[in-house]
Amino acid sequence: MFTLSVSHDADNDTLTYAWTLISTPAGANTSLSDPASATPYFVPAIEGDYIAQLIVNDGIDASTPDSVLIHVVRPRPTMDVDLSLGSRGRLLVLLDNTLPADSLEAPLATQRLLLQQTLDAAQWSYTITDTPDAFALELRSGGYLNYAILSGYQKLDNPVAKELREAVNRGEGLLVAGGHDNRNSELAEVLGVGFNGSFPDALGVEVAVSDLSGESATVTLLDGEEIILTDAITAKAAALNHDALNIYNWVRNNIEWLPTWGATQSADHTLGSLKGNSMDIAALTIALLRASQIPARYVHGTIDVPIAKFMNWAGGFTNAEAALRFAASGGIPTEGVITGGKLASARLEHIWVEAATDFEP
């Protein structure tokens, strides 16, 4: 909604308003609710740039036309989940034992090791299985109060899924994650989940403050084949003395940012080409840090960049609207932020890196 509550006339004459949409995306087919109102609105039909123009008249003179740019992007889905801790008991886990040839997931051995380290650190008693038959055998042996289906490619037999449903109804715990489809749909109802399809742009889940997280947790990404410690990566890490600050400064000063979205190349390729988008650059940074024995991970979030700096980032644009359109055309979720009637900054989704290192400025 547009608002003109601060409009005024020096002679206190009654003002009239004339709004028009002078530019909309092709095929938008939308209109203003009341072009003569001080507070009209419109419902955007599709993504893209909408430009509204206003002329104010005091009954004698008309104002110079003024305009505003509205950059519309599809809202990302949100999920509200209430998480709380229950009683702890032995945990039974099902993992995958094979991955498709084109999978970008971390190697299974890495996944299993990470899970074991996490459960050991939390002092859980657990059993990890990697076939539906082994899971069923353990389930029927008794002695478990919690179950985790962390497999994307295993299918539980219907009788086993039914036993799990009954366990949950008895008050036992069940976590299902990693599935790339609805193959274990028998568990959906007891979890209170309705499967409607997939969302390919999703990068993870953000857990708000709860008994489970203790504090707000930033979404993190599992890395795949884009992070491999090649000879070139390890050599560059050594040349930078395996120092986190040296790595950060070298990447910042030598790698050109490209306004596209999603992993497009490996860390090794980014090192060789000296250019990449935010995820490519993050992958290279993580690879260099890990080659230096420094734990690091992806982080996904939203940043506001002053519009002048953003125009420079996007490739030396002199027109802010053109820079926003260019970034959006590369797939980056982007919008302009209006402050004081002017386009002041660009708000965009971004990928960066968190590292665990001992550092005191």
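The values are calculated or read from the model by the stated rules, or taken from the named source; none is laboratory data. Predicted model, so just to flag it, every value in this text is computed and none were measured. For neighbour counting, all protein chains shown are included, and Cβ atoms are generated from backbone atoms with ideal geometry for every residue, glycine included.
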Handout entry: Matching residues, the stretch 333-347, being crowded, with 16+ Cβ neighbours inside 10 Å and more than 13 Å from F310 (Cα to Cα)
Key = P333
Exercise for the section: List the number of the failed condition for L156; all other conditions in (1) over 16 Å from E189 (Cα atoms); (2) in a loop (DSSP other than H, G, I, E, B); (3) modelled with pLDDT of 85 or more hold. Expected result: (1)
Completion exercise
Checked the stretch 265-276 for anything surrounded by fewer than 24 Cβ atoms within 10 Å (Cβ to Cβ) and either under 16 Å from the mean Cα position of the chain (by Cα) or touching a residue at least 24 places away in the same chain (Cβ under 8 Å) (or both); matches are Q265, S266, D268, L271, G272
Practice task
Could you figure out which of (1) modelled with pLDDT under 85; (2) closer than 30 Å to V337 by Cβ; (3) not aliphatic (A, V, I, L, M) isn't true of Q53?
Solution key: (1)
Handout entry: Filtered residue count, the stretch 292-318, keeping only those that are under 26 Å from H242 (Cβ atoms), among the aliphatic types (A, V, I, L, M) and either at pLDDT 90 or above or crowded, with 21+ Cβ neighbours inside 10 Å (or both)
Key = 1
Handout entry: Pairs where the first residue, in the stretch 307-321, is more than 15 Å from A344 (Cβ to Cβ) and the second is part of a helix (DSSP H, G or I), C-beta under 6 Å, 6+ apart
Key = A314/A323; A314/F326; A314/A327; F317/M311; F317/A323
Exercise for the section: Would you check if A344 is more than 24 Å from I51 (Cα to Cα) and among the small types (G, A, S)? Expected result: no
Practice task
Pick out the one residue from L108, L95 that is in contact (Cβ under 8 Å) with a residue 12 or more places away in the chain, among the aliphatic types (A, V, I, L, M) and touching a helix residue (DSSP H, G or I) at 6+ places or on another chain (Cβ under 9 Å).
Solution key: L95
Exercise for the section: Exactly one condition in (1) within 30 Å of G316 (Cα to Cα); (2) of a type outside the set (S, T, Y); (3) in contact with a helix residue (DSSP H, G or I) (Cβ under 9 Å, 6 or more places away or on another chain); (4) in contact (Cβ under 8 Å) with a residue 12 or more places away in the chain is not met by I294; state its number. Expected result: (1)
